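The values are calculated or read from the model by the stated rules, or taken from the named source; none is laboratory data. Computed from a predicted model, the values in this text were never measured in an experiment. Ideal geometry is used to build each Cβ from the backbone, glycine not excepted, and the neighbour counts take in all protein chains shown.
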Amino acid sequence: MKRGTIALLVVVIIIAIVVGFLSYQQVQQRQALEDIQVSADGVKLVSLNTSSATLNIILRFTNPNANAATLDRTDYTLYINDINVGSGQNLEKTTIPAGGSVVIPQLFTVSYSGGLQTIWSLIQQGGADWRLVGTAYFDMFLGTVSVPYDLNGTITL
């Protein structure tokens, strides 16, 4: 009876140590993901037609950490000249290498019904201000880490 109790106690202690170690690693990885930097290499006008305009939003994700990170998805809302012209998302998983960065282009269609004034301003003035507010999501064993971003610049023709 004593040997069985001791063996069970040893197994429980080993499991507790392994779970504690794995939990500690997850917490460290979660904290490291908060250091991911999101920037925009620009928003460019790709095409105009009779009903919409297509923009290319170029996002850059930089990972300053020693481990690679997997971006699971990102969602965002685009404002042109402070007018909300719509929301978009990227559901493609992307690995950001340790100490490196990745560029993710996003094609975004602005319907004239919702953004006619902003597109007309873009054509007349040769540019318009944009703002991109979003969140990048990194799914992990102990839950999802959200990295918010708020970027701005000028649309180039």
Across the range 53-66, which residue is nearest to residue 102 (Cα to Cα) among those that are crowded, with 16+ Cβ neighbours inside 10 Å and touching a helix residue (DSSP H, G or I) at 6+ places or on another chain (Cβ under 9 Å)?
63
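At pLDDT 80 or above and surrounded by 15 or more Cβ atoms within 10 Å (Cβ to Cβ) - does that describe any residue in the range 29-37? Steps first, answer last, please.
Initially, the range 29-37 is screened for residues at pLDDT 80 or above, giving 35-37.
Next, only the ones that are surrounded by 15 or more Cβ atoms within 10 Å (Cβ to Cβ) stay: 36.
Yes; the residues of the range 29-37 include at least one that is at pLDDT 80 or above and surrounded by 15 or more Cβ atoms within 10 Å (Cβ to Cβ).
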Taking residue 64, is it modelled with pLDDT of 80 or more, within 14 Å of the chain's Cα centre (by Cα) and not in a helix (DSSP H, G or I)?
no
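With the requirement that a residue be in contact with a strand residue (DSSP E or B) (Cβ under 9 Å, 6 or more places away or on another chain), surrounded by fewer than 16 Cβ atoms within 10 Å (Cβ to Cβ) and not in a strand (DSSP E or B), what does the range 67-79 give you?
Quick first cut of the range 67-79, residues in contact with a strand residue (DSSP E or B) (Cβ under 9 Å, 6 or more places away or on another chain) only: 68-79.
Subsequent filtering for residues that are surrounded by fewer than 16 Cβ atoms within 10 Å (Cβ to Cβ) retains 68, 70, 75, 77.
Scanning the range 67-79 gives a single hit, 68.
Which one is modelled with the highest pLDDT, of the residues in the range 135-157 that are of a type in the set (Gly, Ala, Ser) and out of contact with any Leu (no Cβ under 8 Å at 6 or more places or on another chain)?
Step one: list which residues in the range 135-157 are of a type in the set (Gly, Ala, Ser), which gives 136, 143, 146, 153.
Subsequent filtering for residues that are out of contact with any Leu (no Cβ under 8 Å at 6 or more places or on another chain) retains 143, 146, 153.
Working: 143: 77, 146: 86, 153: 89.
Filtering first and then ranking leaves 153.
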For the range 80-92, what are the residues that are buried (at least 16 other Cβ atoms within 10 Å of the Cβ), closer than 14 Å to residue 110 by Cα and modelled with pLDDT of 90 or more?
88
Would a scan of the range 105-126 turn up a residue that is under 27 Å from residue 65 (Cβ atoms) and either in contact with a Gly (Cβ under 8 Å, 6 or more places away or on another chain) or modelled with pLDDT of 90 or more (or both)?
yes
